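Take a look at the structure below.
Quick note: the coordinates plus some simple rules give every number you see, no bench work behind them. Given the structure is predicted, the values throughout are model-derived calculations rather than measurements. So basically every Cβ, Gly included, is an ideal-geometry build from the backbone, and we count neighbours across all protein chains shown.
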Amino acid sequence: MQDRDLSEYRPSGSSSSRHVPCSHQLCESSLNCKSSKQQCPYTIDYYTENTSSSGLLVEDTLHLASVDDHKLNTSVQASVIIGCGMKQSGGYLDGVAPDGLMGLGPGEISVPSVLAKAGLIRNSFSMCFDDEDSGRIYFGDKGPPTQESTHFLPSDGKYETYIVGVEACCIGNSCLKQMGFSAVVDSGTSFTFLPNEVYERIAKEFDRQINATITSYPGYPWKYCYKSSSEELPKVPHLKLVFPLNNSFVVFNPVFVVYGIQVLTLFTTWEFIAFLLFKFFLV
């Protein structure tokens, strides 16, 4: 529920919009079509419970700025495929991404894949954020020379999700042994997903190191929540995922903060209570 115009995309209002027929090579739901000329339908189910989006595919033109060494040069018109949602469920009905999602996965229909196949960019992209979570996307960016990386792993023979292989995991200065596992580092729901038994081992070690009292938070299902006052934040251990070839990714603040207001009768003052939740959740 928002009182601002989100300027939702409507194919009928775009002079460059074209229907994607069921005969198109990127129409994965062609078996559900009655004819090859019918507009291609799509359905996507997300990791978040009962959350899905379905509708029709359209092709349209993005106007992108061409950047060389982060200096603005020219503009590029790029044709991409868009899923025009007609029926949403779950998190979408609660206001999650009310103006839509951009497909950035490794699948053939994603925006970076389509731009790369057209010869406009390398098959890569970077998302850069500042301290206030504002940022921009660079398509075709290689990143800095010092950047570490790891390969995606296939799921059922297809590269459609951000699955990576993790060889070890460290919490603070303690590294857990025999930790080889696969993780979904971008589930489409803002959180990284780990196998159940891996999550339990990491969470227990995290709980052992953090200097905060574990608590429960009504309305949230997570097991490892910690109460903290605004005056004295707990010392949170960092978390490091180690990939093949000794590449690694360090999460310096692996918590999710939920703010609530509570009356503390002892001091008769209002105080913000932050509940710290581990940022990696169960599959």
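For segment 74-191, relative contact order (Cα pairs under 8 Å, six or more residues apart, normalised by length) works out to 15 percent.
Note on L101 and L245: their simple-model spin labels are 2.9 nm apart, each label 7 Å out from Cα toward Cβ. Each Cα pair of segment 11-71 feeds into the Kirkwood radius, which the Stokes-Einstein equation turns, at 20 °C and 1.002 mPa s, into a diffusion coefficient of 153 µm²/s. Across segment 11-139, Cα pairs under 8 Å and at least six residues apart give a relative contact order of 16 percent. Over segment 57-211, the hull volume per residue, using the convex hull of the C-alpha atoms, is 191 Å³. Pairs of alpha carbons in segment 11-139 separated by more than 23 Å make up 43% of all such pairs. Cβ-to-Cβ counts within 10 Å put Y159, Y199 in ascending order as Y159, Y199, the fewest first. If R0 is 35 Å, the Cβ-Cβ spacing of S17 and Y217 corresponds to a FRET efficiency of close to 0.20. If a spin label sat at a point 7 angstrom from the Cα of Q25 along the line to its beta carbon, the backbone N atoms of segment 118-147 nearer than 19 Å would be those of 118-124.
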